[in-house]
Amino acid sequence: MIKYALHYGFVTAGQATVTTDKEFHEVDDKPCYKVDVHGSTVGMFSLAYKVDDLWRSYIDAEQIYPRKFYRNIKENRYRKVETTLFDDKNKEATVTWLNNEKRKEEKKYDIPKETQDMISGYFFLRTIDYNKHKKGDVIKLKAFFQDKLYDFKVIYKGKETVKTKLGKFSAFKMTPIMPENKLFSGKNAITFWMSNDSNRVPLKIRAKMFVGAIEVEITEYKNKFVHLKK
């Protein structure tokens, strides 16, 4: 398990955990890693805007592509439970969700092969040998989220020493090129650091948002992160 704190200025506004199950889970007869990302607001921020979100991905252990993606969103009074099944062979994503009347709805989307979800995309980035890349290289991948397919690009910014509450670490620095949206300010609004070791742990994230800057920083690290080979 990895724990994080989300800072808004000098205030701790939220917390998050990333948990990778030690056991494999079968999806479509394929062994998968099960990864849970849970995030919530804390303190005064929780009184103003309460968040309690769970994101879950079942990632094919051999191909490092998603087989199943699940979201359970609780943000103030807003609720959404959604599941996406990825069929890489038939190049199709099937999204199911509960509508306001609690009835199940379903819709299918065409996707290219090797499409990632929001969690598996990071796990895919962990498999890359960055020693073979130079600063400024662009890494490309396809990502599907909710009802849209994204051409996702990440700029490799080279190696850098990053300071966290757990100490200083050698890290790979990266900046995703963000599509136009109402949340983040600019195409290069997000920067993140991945540990320069075999575990490739996400250490820190900085994001420029229209409401201000936030920082997500690692605070606790238990057990070994899943070491992927590709």
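When the helices of the chain are scored as -39500 (n - 2.57) per DSSP H run of n ≥ 4 and the total is divided over every residue, the value at 222 nm lands at -1500 deg cm²/dmol. For the range 1-71, the calculated P(r) over all alpha carbon pairs, in 10 Å bins from 0 to the bin holding the longest distance, is 21, 38, 24, 15, 2 percent. Of the cross-linked pairs 107/153; 80/173; 34/80; 30/102; 89/148, those separated by over 22 Å at the C-alpha level are 107/153; 80/173; 30/102. Here the 3J(HN,Hα) profile of the range 24-38, calculated from phi with Karplus coefficients 6.51, -1.76 and 1.60 at θ = phi - 60°, is 7, 10, 8, 9, 6, 6, 10, x, 10, 6, 10, 10, 10, 10, 10 Hz, Gly and Pro shown as x. Largest to smallest in accessible area, the residues 163, 22 fall in the order 22, 163 (1.4 Å probe, all protein chains included). Of the chymotrypsin sites (Phe, Trp or Tyr not before Pro) found in the range 1-83, the ones in coil according to DSSP and having at most 14 other Cβ atoms within 10 Å of their Cβ are 10, 24, 49. Extent of the chain along its three principal axes (Cα atoms, max minus min coordinate, largest first): 47, 46, 36 Å. Amide hydrogen proximity for residue 61: with H placed 1.01 Å from N in the peptide plane, the residues at 5 or more positions away or on another chain lying under 5 Å are 32, 33. In the context of the full set of protein chains, the chain has a per residue accessible area of 59 Å² (1.4 Å probe).
Straight-line cross-link partners of residue 134 among the aspartates and glutamates, defined as a Cα under 18 Å from its Cα and at least 8 positions apart when in the same chain: 160, 197. Karplus-based coupling profile of the range 91-100, in residue order and whole Hz: 6, 8, 10, 10, 9, 10, 7, 9, 7, 4, with θ = phi - 60° in 6.51 cos²θ - 1.76 cosθ + 1.60 and x standing for Gly or Pro.
The values are calculated or read from the model by the stated rules, or taken from the named source; none is laboratory data. Worth saying up front: this structure is predicted, and the values here are computed from it rather than measured. Ideal geometry is used to build each Cβ from the backbone, glycine not excepted, and the neighbour counts take in all protein chains shown. Accessible surface areas use protein heavy atoms only, side chains included; no ligands, DNA or RNA. Shrake-Rupley method; radii C 1.70, N 1.55, O 1.52, S 1.80 Å.
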